[in-house]
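What follows is a set of notes on a single structure, which appears directly below.
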Amino acid sequence: MRRLVGVALLAPVMMVGAQGAPAVEARPIALAEAVAQAQRNAPLAVQARGTMRSTAAATRTAYGAFIPSVTLTGGASRSTGSQFFQGRLVPLSGNAYSMSEGLSMTVDLFTGFRRLNDLRRAHADEDAADASELNQRYLVAFQVKQQYYAALAARESESAAKAQVEQAEQQFRAAAARVTAGAATKSDSLRSVITVGNARLALLTAQNNLRVANAFLTRLVASPTPVTPISADTVDPGPISLDSAGLASVALDGPAVRQSRAQLASARAAARSGRATYLPTVSLTATSNGTSPKGGFQDGINNFGGTFAFQDALRLTFSYPLFNGLVREQTAITTSVAEDNATANLRDAVLLAQQQLAQLLGVLRTAQQQIAIQRASLAAAEEDLRVQQQRYSLGASTLLDVLTSQAALNSARAALIQARFDYRNAKAQLEQLVGRDL
């Protein structure tokens, strides 16, 4: 019987030794470093920065619409062959070489305020891109923090599981000694074996969860080698720096709300720009063209320095489409619908920010209270287990009482770990909502 008990006790040890150790040692990384590295390398952040560059280029293009367009032309030709003259085929007369050059400038004097509204739209799109980039940065930061805290919780669970294993092994030794002394039944010894096995399975599960969390964190920070949270970050999280009123103020100016507000400004400018087709367009064009029929290559000598005959022109153009197949009407309706949608999106973004703020503050406060309560519960469970172990060693209680106290202690540890994770996670979500560190 003792041999069977020893084998049952040894099997989980072999399992942990074979599977518990990670293949590659993970490099400890601080939370700030993990967030910064992920914000540099995350695809969402890279795309957001690319959108900022594109919108900045579009703004420069909108400014360029106010500048005259300049075109420089030039050419040279050589004519050879023959022609019919008075019924006879004779060689071409005159110089076979000619050159031309020209310079033209065109500027729109009035476009129905289209260029001004396009510029306003470009600025609004740039503001929306800036807000989107900020939103993506804090979204990436939230994802990293969430996984970082998950790895911390897994590490805390691993420590709790190790303590559980140590307590279970200690209880097994005490139960085995009492069975040997005839003060307890074999049932106590077998139950202790089961408790040790369950504790080691819990340790194995926690170690596997830690490896998975480290792998997820490594992908988020785009690290070539595995990373893991540093031990110093396992301390209890600190309070946030703003009260409820301050959070409500900054949440209504968070990245998502600012992006929706900028998108509404862009839609309004696009609607005004679409109505510009109902107004005439006035353009001014200045040209200067020159030709030189005397230039050319004669006898291998460059003789392009001949006299040019220039023609200058200044043209004022007025354009107003009387009917264009109802395209103007369709553009006006499309841009008006887009403006209405942007207005509704902004209203929903504000309400969503208020909803998320209320929800996250509730989770944050609840988790904060749970941390305090679970600390007290953990201390009470540890004391209760100590008392039950002493009573069991004196024969004043049963093993079932000890196991019940151990289960209560394990539950208190798990609840404290979960409360810490909930608080950290809610704080990270708040930081994403307001677009700043708290």
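Comparing Cα centroids, the range 332-372 and the range 38-73 end up 30 angstrom apart. Distance between the 7 Å Cα→Cβ label points at GLU25 and GLN355: 5.0 nm.
Backbone phi angles across the range 261-276, fed through the Karplus curve with coefficients 6.51, -1.76 and 1.60 (θ = phi - 60°), yield HN-Hα couplings of 5, 5, 5, 5, 4, 5, 5, 5, 5, 5, 5, 5, 5, x, 7, 5 Hz in residue order; Gly and Pro are listed as x.
Given a Förster distance of 35 angstrom, what is the FRET efficiency for THR80 paired with THR317, based on the Cβ-Cβ distance and rounded to 0.05?
Calculated transfer efficiency: 0.35.
Our estimate of slack between ALA65 and THR106, defined as 0.36 nm per intervening residue step minus the Cα-Cα distance, is 13.7 nm.
Highest mean packing comes first when the peptides 126-135, 310-319 are listed by Cβ atoms within 10 Å, giving 126-135, 310-319. Between ALA163 and ARG328, the simple spin-label model (points 7 angstrom out along Cα→Cβ) gives 7.8 nm. With a cut-off of 14 Å, note down the residues of the range 202-233 whose backbone N falls inside the zone around a label point 7 Å from the Cα of GLU33 toward its beta carbon. Within reach of a label on GLU33: 218, 221-233. Summing +1 for each Lys or Arg and -1 for each Asp or Glu among the other residues whose beta-carbon sits under 12 angstrom from that of ARG347 gives -1.
Where a number appears in this text, it was derived from the coordinates with a stated rule and is not lab data. Please read all numbers here as calculations on a predicted model, not as lab measurements. Note: ideal-geometry Cβ built from the backbone for every residue, glycine included; neighbour counts use all protein chains shown.
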